[in-house]
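Heads up, the thing below is written out as structure tokens.
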Amino acid sequence: MDAGSAPEPRGRQRSAQVVDTLRSRNTVVLAVVAIALGALAARLFWLGYRTAHWDEARVAYWILRYEETGAFVYRPIIHGPFIHHVAEPLFALFGPSDLLGRLPVAVVGGLFPLSALLFREHLRDHETVLLAVLFAANPVLLYYSRFLRSDVLVAAFMLTALGFLVRVYDTRKPRYLYPVALFLGFGIASKENALIYVLVWIGGAALLVDTALFRPRTAPSGLDLLRSHAGTARRYAGRLKTDPETRRRVGVPALHLVGALAVLGFVWLYTFAPRGAVTEHYPVSEAAIGTVRFGDALANPLQLPALVENTWDYWYSNYPMWSDKALSSGEDSSLSERYLEFAPQYLTVLREYALTTLLFAGIGFLSERYGRERSRNLVLFFTYGGVASVIGYPLGLDIFGAWNATHPIVMLALPAAVGLGAVYRQAKTALADDVSITSLVAALLLVIVLGQVVATAAGAAYVNDTDAEKNKLIQYAQPADDMRYDLQQLDRIAAENDGTDVLLYENYFVGNDESEHFYPACMGTSEWFNGLPLSWYLYAADANVTCIQNSLDLDRVSGDPPPIIVTRERSVPILSQQLEGIGGYEYSVYELRTSGTETVILFDPAALEE
């Protein structure tokens with residue numbers, strides 16, 4: 001300062017500090033919003049092109065049944081009802097399609113990076129931005145955000161609910177309890193392992209309590225700390241009896257808590273309550289779900305208690321079934337044997353598609369626990385939860401699916417952002433000190449790491465999205481071939497043709513009895529599942545289907561073959577011998593799974609020309 005200059009007024013200094021803080025926060029918000037918009041665009045790009053996975057087709061079928069019949073009941077075999085309620089109006093407005101079925105998951109997955117802002121009080125600015133990047137660009141999160149499955153939904157909703165709970169703690173403002181309840185309700189309605197998230201949070205909090213008691217910051221020992229808190233609680237309880245102001249300070253948040261629980265209860269009832277003529281369209285009995293439907297309670301609120309009771313009983317008896325599947329799957333293998341089978345595959349997916357997250361989560365945890373005078377509890381909490389998920393999730397699997405890797409990844413992303421932030425600060429410091437080699441190495445490392453994440457994500461989501469040899473995220477029931485052109489012809493012919501549109505031939509696709517709940521009904525129940533995703537596409541196209549189980553029945557169609565025939569590759573010679581005119585059909589061979597399910601779709605060229 002020059003000798004003649006006066007010191008800057010203290011008030012002006014404070015104003016400048018506030019302006020700098022706001023400018024910094026606005027920059028972070030803008031950066032995270034930009035990342036979320038990029039993530040959303042990446043998820044919407046080419047969203048409807050990939051042929052539906054077996055599981056996607058099954059869920060899409062029940063969404064369309066809900067739209068057409070108005071009947072709905074929760075069934076844990078196809079997971080939570082959230083996706084049904086949000087996709088059903090899309091089907092009603094625009095017609096059924098893979099794109100619209102996947103759209104809600106893509107939107108939620110694309111906006112998920114915004115949840116990083118909820119933790120910003122506990123993170124540096126660049127750590128918040130890096131957390132948003134990891135949510136946006138992780139290959140597992142990107143691939144399954146473009147997939148009609150609820151794992152990304154439950155992960156995004158539960159992490160967002162947790163973020164708002166952190167905001168309640170940070171701000172002491174009870175209004176944040178309402179989004180906690182809303183997103184918690186969405187998470188519970190998305191998939192059954194929402195309960196696993198709650199258990200993980202309880203376990204992580206217990207470890208934080210243990211850490212606080214083991215090395216207390218404000219007391220000589222853990223017991224002294226407990227006694228201190230107990231004394232504070234007794235004094236506060238005494239003030240509640242005598243001090244009206246204290247009662248008001250407690251009463252207002254308590255009322256907000258009651259209101260938030262009411263929001264949670266409404267979301268739960270709205271999503272899980274049965275609707276319409278359920279027993280006519282679903283394999284469920286009236287004894288299991290009761291006689292009152294959601295619409296009945298809206299028309300007559302006096303029936304609301306019965307609806308709540310019936311829905312709760314049905315939900316309580318079915319919702320935990322997800323955790324029982326690994327115990328009940330397979331009669332010849334124990335839980336430990338299946339764990340040893342699934343855990344290596346699970347770890348392979350994490351190593352190939354989340355190695356950056358795993359490594360930098362370790363760096364972030366170690367630097368937080370041992371490199372700071374006071375560790376941030378949130379970083380430790382997320383690390384504990386992520387490690388527990390890595391170890392524990394294979395225990396809950398009855399079949400292997402890479403989608404389960406979603407859950408440890410979202411927990412470990414926060415400590416990974418802290419670890420990446422340490423590299424960023426090293427590069428920034430080195431640049432400021434003009435240490436060229438150090439700054440270059442740190443900057444290159446950051447660019448290479450983030451570039452590898454983006455490149456791997458793009459390869460998995462777009463380039464090799466159906467090639468199981470090159471993409472370990474693909475589960476066995478994903479068709480290995482692109483059937484989109486033939487499916488478009490199916491839609492066109494079904495809309496314009498009179499009479500039978502499709503002949504299904506062979507006992508792989510056609511059973512002895514008609515299905516009661518699955519359409520085309522002539523396929524039979526077990527065979528309908530064999531035919532997925534074609535079963536879904538036939539139903540979505542409203543195709544007129546004739547089913548022939550064996551060659552003895554082919555005389556029913558001889559002389560007038562339909563424009564489309566679907567069969568296994570091994571049956572084409574039989575059809576050529578017994579059906580006149582089939583020799584001129586054009587056909588393609590597709591895998592309905594990654595391998596071993598060679599299926600032929602034959603088209604009459606004249607039907608295509610017409």
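The values are calculated or read from the model by the stated rules, or taken from the named source; none is laboratory data. Values in this document were obtained by computation on a predicted structure and should not be read as measured data. Backbone-built Cβ (ideal geometry, glycine too); neighbour counts: all protein chains shown.
Just a few scattered comments:
- Which numbered condition Leu269 fails, given (1) of a type in the set (A, V, I, L, M); (2) at pLDDT 90 or above; (3) over 22 Å from Ile78 (Cα atoms): (3)
- A Cβ distance below 6 Å, combined with a sequence gap of six or more or placement on separate chains, defines the contacts here; from the range 174-194, residues that are closer than 16 Å to Val108 by Cα reach residues that are assigned to a loop (DSSP other than H, G, I, E, B) in the pairs Ala189/Gly80; Ala189/Pro81; Ser190/Gly80; Ser190/Ser150; Lys191/His79; Lys191/Gly80; Lys191/Ser150.
- Count - residues of the range 547-600 that are surrounded by 18 or more Cβ atoms within 10 Å (Cβ to Cβ) and on the phi > 0 side of the Ramachandran plot: 0
- Search result, residues across the range 479-529 that are touching a His at 6+ places or on another chain (Cβ under 9 Å), in contact (Cβ under 8 Å) with a residue 60 or more places away in the chain and more than 21 Å from Glu569 (Cβ to Cβ): His517
- Look at (1) surrounded by fewer than 16 Cβ atoms within 10 Å (Cβ to Cβ); (2) at pLDDT 90 or above; (3) within 15 Å of Ile196 (Cβ to Cβ) and you find that Leu395 fails only one, number (2).
- Residues satisfying the criterion are present in the range 587-600 (criterion: more than 36 Å from the chain's Cα centre (by Cα) and over 30 Å from Val284 (Cα atoms)).
- Selection over the range 78-87 of residues that are surrounded by fewer than 20 Cβ atoms within 10 Å (Cβ to Cβ) and either free of Cβ contacts under 8 Å to residues at least 60 places away in the same chain or closer than 18 Å to Met158 by Cα (or both) gives a count of 2.
- For the range 464-473, taking the residues that are farther than 16 Å from Asp98 by Cβ and in contact with a helix residue (DSSP H, G or I) (Cβ under 9 Å, 6 or more places away or on another chain), the one that is surrounded by the most Cβ atoms within 10 Å (Cβ to Cβ) is identified as Leu473.
- Odd one out for Ile437, checked against (1) more than 23 Å from Arg65 (Cβ to Cβ); (2) at pLDDT 90 or above; (3) among the aliphatic types (A, V, I, L, M): (2)
- Residue within the range 485-493 that is out of contact with any Gly (no Cβ under 8 Å at 6 or more places or on another chain), surrounded by fewer than 18 Cβ atoms within 10 Å (Cβ to Cβ), within 22 Å of Glu56 (Cβ to Cβ) and hydroxyl-bearing (Ser, Thr, Tyr) present: yes
- As a summary of the residue check, Ile391 satisfies the conditions (1) without any contact (Cβ under 8 Å) to a residue 60 or more places away in the chain; (2) outside any helix (DSSP H, G or I); (3) closer than 27 Å to Asp55 by Cα except for the one numbered (2).
- Only residues that are free of Cβ contacts under 8 Å to residues at least 24 places away in the same chain and of a type in the set (D, E, K, R) were counted across the range 50-77, and they come to 1.
- Selection within the range 267-289 - within 27 Å of the chain's Cα centre (by Cα) and free of Cβ contacts under 8 Å to residues at least 60 places away in the same chain: Leu269, Ala273
- Boolean, Leu134 is crowded, with 22+ Cβ neighbours inside 10 Å and at negative phi: yes
- Pick from the range 72-91, criterion aromatic (Phe, Trp, Tyr) and part of a helix (DSSP H, G or I), ranking: nearest to Arg484 (Cα to Cα): Phe91
- Residues being touching a helix residue (DSSP H, G or I) at 6+ places or on another chain (Cβ under 7 Å) and either exposed (fewer than 15 other Cβ atoms within 10 Å of the Cβ) or of a type in the set (D, E, K, R) (or both) - total across the range 341-388: 3
- For beta carbons closer than 8 Å, sequence separation of 6+ or different chains, a first residue in the range 344-360 that is free of Cβ contacts under 8 Å to residues at least 60 places away in the same chain and a second that is among the basic types (Lys, Arg), the qualifying pairs are Leu358/Arg351.
- From the list Ser317, Ser323, the lone residue that is of a type in the set (Gly, Ala, Ser), farther than 25 Å from Thr279 by Cα and either at pLDDT 95 or above or in a helix (DSSP H, G or I) (or both) is Ser323.
- Of the helices (runs of 4 or more DSSP H) lying entirely inside the range 92-183, those containing at least 2 residues that are touching a His at 6+ places or on another chain (Cβ under 9 Å) and hydrophobic (A, V, I, L, M, F, W, C) span 151-171.
- Scanning the range 453-463 for residues that are under 19 Å from the mean Cα position of the chain (by Cα) and buried (at least 16 other Cβ atoms within 10 Å of the Cβ) yields Ala457, Ala460, Ala461, Tyr462.
- Qualifying residue in the range 141-152 (condition: modelled with pLDDT of 95 or more, under 30 Å from Ala57 (Cβ atoms), surrounded by fewer than 23 Cβ atoms within 10 Å (Cβ to Cβ) and of a type in the set (S, T, N, Q)): no
- Condition met for Leu207 (in contact (Cβ under 8 Å) with a residue 24 or more places away in the chain and in contact with a Phe, Trp or Tyr (Cβ under 7 Å, 6 or more places away or on another chain)): yes
- Verdict on Ser535 being closer than 30 Å to Phe147 by Cβ and surrounded by fewer than 15 Cβ atoms within 10 Å (Cβ to Cβ): no
Residue-by-condition table, conditions (1) part of a helix (DSSP H, G or I); (2) modelled with pLDDT of 95 or more; (3) closer than 27 Å to Leu114 by Cα; (4) charged (D, E, K, R):
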{"residue": "Glu8", "(1), (2), (3), (4)": "no, no, no, yes"}
{"residue": "Gly11", "(1), (2), (3), (4)": "yes, no, no, no"}
{"residue": "Gln17", "(1), (2), (3), (4)": "yes, no, yes, no"}
{"residue": "Thr21", "(1), (2), (3), (4)": "yes, no, yes, no"}
{"residue": "Arg25", "(1), (2), (3), (4)": "yes, no, yes, yes"}
{"residue": "Val33", "(1), (2), (3), (4)": "yes, yes, yes, no"}
{"residue": "Ala42", "(1), (2), (3), (4)": "yes, yes, yes, no"}
{"residue": "Leu47", "(1), (2), (3), (4)": "no, yes, yes, no"}
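- Number of positions in the range 138-194 that are hydroxyl-bearing (Ser, Thr, Tyr) and either closer than 14 Å to Val267 by Cα or touching a Phe, Trp or Tyr at 6+ places or on another chain (Cβ under 6 Å) (or both): 5
One line per residue, one yes/no per condition, for (1) in contact with a Gly (Cβ under 6 Å, 6 or more places away or on another chain); (2) over 30 Å from Asn318 (Cα atoms):
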position: Leu207; (1), (2): no, yes
position: Leu225; (1), (2): no, yes
position: Thr232; (1), (2): no, yes
position: Lys241; (1), (2): no, yes
position: Ala273; (1), (2): no, no
position: Gly276; (1), (2): yes, no
position: His281; (1), (2): no, no
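- When the range 155-178 is filtered for residues that are crowded, with 24+ Cβ neighbours inside 10 Å and either at pLDDT below 95 or more than 27 Å from Pro253 (Cα to Cα) (or both), only Ala155 remains.
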